[in-house]
Amino acid sequence: GNLHSCNLSAMVFDYFSRVLLNALALTCAGLKHDNMHARFFCGAGGHCNERPPEHLELLQSRSLQPLQHNQHLDLLKASALKISASSGGASGQYGMKLRCNNHVGWVSLPVRKDEVGHFLQNCMPAESTQDRSNGASLDGIGFLLADEDRFGMPPLPLETLNRYSNRACSGYPSQGKTIPPLPLRPVFLPIQQTSREQVRIHAGAGADMNEMGAKIMAALKLRGWARIVVDDEAAQWRLAAHKVLKELHDMDAFGRYKTNSYIGFDQITGRDMMQMRPGFEDLDALSWPDEVRQFHQPLAKAFAVSQDVAHRVWMSLVPHLGLSGCQACSIDSINGKHGSHFGPSVMVGYVYKNFIPSLEHGGTAGKDDFGLLKDATGIHADSGLLTVASAASTPGLDMWNPWTGELDHPEVGLPPNEWLVFAGETLGFMTGGEVRAAIHKVPWIEGSRVSMPYFLRPHLDIMLGAPDGTAVMRAGKLIEEHLDNIVRPWRTPGSEN
């Protein structure tokens, strides 16, 4: 009887500890705003499995109420530069409060790796200290937010903490009593040099599917990305589409047609973009401006060959992922039209603007709250299953190896018929971290850069399940409550990554 009581007490303590940690994490990662509230569903572990399949949703997260347009500015906390002029009693080095286990500390912003690394090392129990002595160093320290590795979050580089500069957990030391800490835990990655030798994986129409999938899986688990060789036709249509995007940029089509009335043109800081989804090529489905219609064929062809390659890669990989009864694994679920005209996957054409001359002459475009040069995209992970990307017109992609923390530059030396494949957080969730999403960014590049990644995604209504069965939810809920929520540092309301 006493043993049963002890076990029960331990289980109850563990459950409420997890709930408290999640609540703290989402309070601190979030922004100070009355319209944010916590919503917990189901409970932990296998409790959800007692419900009907349509209700199997484990959503240990905080939801953000739909924001009105005029609320976005209210949500954004003043930056270090802006707050200094009006903070009166605020004093000391601007920074953020962190919590690791029972250890609470203050670190300055922008992040100093030695300071954060020292805090994370000191917060670990003795057995972990012994573990990390085997090949890990300050260079190999990353972090995870609370329990978010259960929902696909890969280990993040320490500099990602800079993205919390406008969150509730940041401020001045003199305000420390009112600032809640950001709960996180360190991840110690064994720093080791991955072989620079690249395995080029044949992924054309005649490829051996089993061999292709096995090699892609091995590459994803070695360095976080794979290099595939596509058919010449696919490469040529992508090159043609690159030229079209540059021409559309030069004629300001992105600015003139960035409304819902036309095909997917848009503009964000530093980039023009065009979204292409299954069905966009139908001239009767969307309004193609007359001057853009002449570019329909190369764009539609580039999308078709990219989708074909992405589907072939995915179907070759599925047998090697160890997923049984996977609703999201079929091409039908990925195409996922399910009564709507457009599928969930998307190819995005980006044309990067050149901010370098402005910065060299004292301009502020492209700088962050601390006056430091931002990257063109910021550090982030993609949210879907896989990203399949051809070589950009100018190499620039920086990617962290999710297993070693090593920074790599996979676009360097990439010819037109060789493309990149890397995982998104949805696949990380589905495989329980067996495959990790690749953290990456694109810095500002001198001159222009055109890229066209294809993001393979499941339909939002498809049920996803983690391997241990503790988390089952709709793909749409995973994205809404975790991957596209402010839980992720790159998803700050108002951000464009």
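The values are calculated or read from the model by the stated rules, or taken from the named source; none is laboratory data. As the structure is a computational prediction, the values presented were derived from the model and not from experiment. Positions of Cβ are backbone-derived with ideal geometry, glycine not excepted, and every protein chain shown enters the neighbour counts. Note: accessible area is taken over every heavy atom of the protein model, side chains too, but ligands, DNA and RNA are not part of it. Shrake-Rupley method; radii C 1.70, N 1.55, O 1.52, S 1.80 Å.
So, in the range 445-488, how many residues would count as being outside any loop (DSSP other than H, G, I, E, B) and at pLDDT below 75?
Counting residues in the range 445-488 that are outside any loop (DSSP other than H, G, I, E, B) and at pLDDT below 75 gives 0.
Filter the range 292-308 down to the residues that are touching a residue at least 12 places away in the same chain (Cβ under 8 Å) and over 27 Å from the mean Cα position of the chain (by Cα) and list them by number.
Selection gives VAL292, PHE295, HIS296, PRO298, LYS301.
Collect the residues in the range 223-244 that are open to solvent by 20 Å² or more (accessible area, probe 1.4 Å), closer than 14 Å to ARG312 by Cα and hydrophobic (A, V, I, L, M, F, W, C), keeping them in residue-number order.
The one that is open to solvent by 20 Å² or more (accessible area, probe 1.4 Å), closer than 14 Å to ARG312 by Cα and hydrophobic (A, V, I, L, M, F, W, C): VAL229.
When you check VAL199 against the structure, is it among the aliphatic types (A, V, I, L, M) and open to solvent by less than 70 Å² (accessible area, probe 1.4 Å), yes or no?
So VAL199 does not fit the description; no.
Tally the residues that are farther than 19 Å from LEU456 by Cα and either open to solvent by 30 Å² or more (accessible area, probe 1.4 Å) or in contact with a Ser or Thr (Cβ under 6 Å, 6 or more places away or on another chain) (or both), restricting the search to the range 407-441.
7
Within the range 245-261, restricting attention to residues that are without any contact (Cβ under 8 Å) to a residue 60 or more places away in the chain and in contact with a Phe, Trp or Tyr (Cβ under 6 Å, 6 or more places away or on another chain), which residue is least open to solvent (accessible area, probe 1.4 Å)?
So, considering only residues that are without any contact (Cβ under 8 Å) to a residue 60 or more places away in the chain and in contact with a Phe, Trp or Tyr (Cβ under 6 Å, 6 or more places away or on another chain), the one least open to solvent (accessible area, probe 1.4 Å) is TYR257.
Taking the range 262-291 as the search range and keeping residues that are open to solvent by 50 Å² or more (accessible area, probe 1.4 Å) and touching a strand residue (DSSP E or B) at 6+ places or on another chain (Cβ under 9 Å), which one is farthest from ALA304 (Cα to Cα)?
Among residues in the range 262-291 that are open to solvent by 50 Å² or more (accessible area, probe 1.4 Å) and touching a strand residue (DSSP E or B) at 6+ places or on another chain (Cβ under 9 Å), the one farthest from ALA304 (Cα to Cα) is GLN267.
Any idea which residue in the range 202-222 is surrounded by the most Cβ atoms within 10 Å (Cβ to Cβ), counting only those that are out of contact with any Leu (no Cβ under 9 Å at 6 or more places or on another chain) and within 16 Å of ALA389 (Cα to Cα)?
The extreme case among them is ALA203.
Which of the residues belonging to the range 292-302 are crowded, with 18+ Cβ neighbours inside 10 Å and over 14 Å from GLY349 (Cα atoms)?
Matches in the range 292-302: VAL292 only.
Output the residue which, of all residues in the range 308-326 that are assigned to a helix (DSSP H, G or I) and open to solvent by 40 Å² or more (accessible area, probe 1.4 Å), is nearest to VAL348 (Cα to Cα).
Among those that are assigned to a helix (DSSP H, G or I) and open to solvent by 40 Å² or more (accessible area, probe 1.4 Å), it is ASP308.
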